[in-house]
Amino acid sequence: MITLMINLTTFFGALEPHLNEKTRRLVAAALRLGGVRGTTSQVSKETGVSFREIRRGLVELEEQPVKFRGFRQKGGGRKKKTESDQGLLAALKELVDSTTRGDPESHLLWTSKSLKALDVELSTHGHKVSYHTVGALLEELGYSLQGNRKVLEGSSHPAETANLIL
């Protein structure tokens, strides 16, 4: 076991600007639990955290911790590309309308243009997007992302293979 001799006022003063109300109380309570300065009232004097807040922090430290959910508030983070570039979805729809294929009864649509080709065309029109974003936008528009089907050349017709078997 290592015992540290630290100036608690300096230690806590250096941390305090980076702490919010809850973390401030939890650090003070952890210092009290660690026995850095003896009693709760002594820790309260040296840290400036009230006696009640330290006791509340001690209770919180004994409780089961809540699963960490990150620091971002709800709705935080990067916005969708269509929010920052209003004309992007319309420009993409205009590019794929002429090459749209599909069965009208099954509601399955696809385009003959590749994602990278669409990415290049959109960037020439002033929309800076990646082909990953183009794929996500196409899915949003109801398109199915399907790879090209490779066709083998040569005598693979069923009639021709039947003659070879006889």
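The values are calculated or read from the model by the stated rules, or taken from the named source; none is laboratory data. Owing to the predicted nature of the structure, the values given are computational and were not obtained by experimental measurement. No Cβ is skipped: glycine too gets one built from the backbone with ideal geometry, and neighbour counts run over all protein chains shown.
For region 9-25, taking the residues that are assigned to a helix (DSSP H, G or I) and loosely packed, with under 12 Cβ neighbours inside 10 Å, the one that is nearest to the chain's Cα centre (by Cα) is identified as 18.
Return the residue satisfying two criteria in turn: it lies in region 115-153 and is at pLDDT 85 or above and of a type in the set (S, T, N, Q), and of such residues it is surrounded by the fewest Cβ atoms within 10 Å (Cβ to Cβ). Among those residues, the one meeting the criterion is 124. Taking each residue of region 80-102 that is assigned by TED's automatic domain parsing to the domain that holds residue 131 and closer than 17 Å to residue 125 by Cα and looking for partners that are acidic (Asp, Glu) and outside any loop (DSSP other than H, G, I, E, B) with beta-carbon atoms closer than 6 Å, six or more apart or interchain, yields 95/121.
For region 26-51, a residue qualifies if it is in a helix (DSSP H, G or I), within 18 Å of residue 62 (Cα to Cα) and either within 30 Å of the chain's Cα centre (by Cα) or without any contact (Cβ under 8 Å) to a residue 24 or more places away in the chain (or both), and the qualifying residues are 26, 27, 31, 40, 51.
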